[in-house]
Amino acid sequence: FLSQETTTLFIPAIMGATLLKVQDIEEFYHLSSYTGGAWCCTADVFLSKKAPHEKVFTEYSYGVRSVVWKDFDDDGEKEIEVIDTNFIHWRASTAGSALPAVYLEFYDDSFRLDKELTYIKALEKMKNTDPERFIFYERENDLSEGLSGWQGHYIPSSLTEVIAPLIMAGRDDVAEKFLDEKWPNRLTDKELFLSLLKEQIEQSKYWENK
């Protein structure tokens, strides 16, 4: 079935069933399926067309959203948009978790972080997001003992979704300037907040400055 341009298969599984979609996308076969669950997952696998058809990319994405494979920057080469789930439950509830987008390019037989595209897309999000989504709103009845949010306030997920990709793209200067602009006067320890944020970024499987 891998020779067909688009194929949908219904494969019985031990727990229910899994819908598997197979697409021929130029130099790869793209296999995707939804496995169910609140955070897990749309599973995506890219297989090389060259025998023995080894996996070159695997990702378990947030909810029902699959990875996106397209030419995002009109350079004639396609990239992958991935929602990095590294920040799920980082100082937030499930619903309040940040889901930053990063972009990967195929280089030297593997997918790697496309820092320039990730930077450009972070700037677009910074510009196009409603400013109210960058506000630290006060939490009511905070029982987390400081483990969630920051000093009794919600951390705006949109803020993290801008800052994290900027830092991953190597643009700490832009990230820090943006945080300075959005940091409210009533909160303290901004440097500590940024340090903890960077520690979490370094846990991402797409972090390349290791």
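Where a number appears in this text, it was derived from the coordinates with a stated rule and is not lab data. If you're wondering where the values come from, they're calculated on a predicted model, not measured in any experiment. A quick note on method: Cβ atoms are made from the backbone with ideal geometry, for glycine too, and the neighbour counts reach across all protein chains shown.
Quick notes on this one:
- Cβ-Cβ FRET estimate between residue 108 and residue 141, R0 fixed at 45 Å, reported to 0.05: 0.30
- Spin-label model distance (nm) - residue 176 vs residue 189, 7 Å beyond Cα toward Cβ: 2.0 nm
- The residue 133 and residue 53 beta-carbon pair, evaluated with R₀ = 45 Å, returns a calculated FRET efficiency of approximately 0.60.
- For residue 68, the amide hydrogen comes within under 5 Å of the amide hydrogens of 81, counting only partners 5 or more places away or on other chains and with H modelled in the peptide plane.
- Cut-off under 5 Å, modelled amide H: who pairs with residue 25 long-range: 30
- Each of 196, 129, 103 was scored by the projection of its Cα onto the charge dipole of region 94-210, and the greatest displacement toward the positive side belongs to 129; charges sit on the C-beta of Lys, Arg, Asp and Glu.
- A simple rule links phi to the HN-Hα coupling: the Karplus curve 6.51 cos²θ - 1.76 cosθ + 1.60 with θ = phi - 60°, which for region 76-89 gives x, 10, 7, 10, 10, 8, 10, 8, 7, 8, 4, 9, 4, 6 Hz, with x for Gly and Pro.
- Vicinal HN-Hα couplings computed from phi for region 166-177 (Karplus, 6.51 cos²θ - 1.76 cosθ + 1.60; Hz; Gly/Pro x): 4, 5, 5, 7, x, 10, 4, 4, 5, 4, 5, 5
- Residue-by-residue Karplus 3J(HN,Hα) for region 180-196, coefficients 6.51, -1.76, 1.60, Hz, glycine and proline x: 4, 5, 9, 6, x, 5, 6, 9, 10, 6, 4, 5, 5, 4, 5, 5, 5
- Other-chain or far-sequence residues with amide H under 5 Å of residue 150's (modelled H): 155
- With a Förster radius of 25 Å applied to the beta-carbon distance between residue 202 and residue 25, the computed FRET efficiency rounds to 0.20.
- Taking the Cα centre of region 72-180 as reference, the dipole from Cβ charges on Lys and Arg (+1) and Asp and Glu (-1) amounts to some 380 debye.
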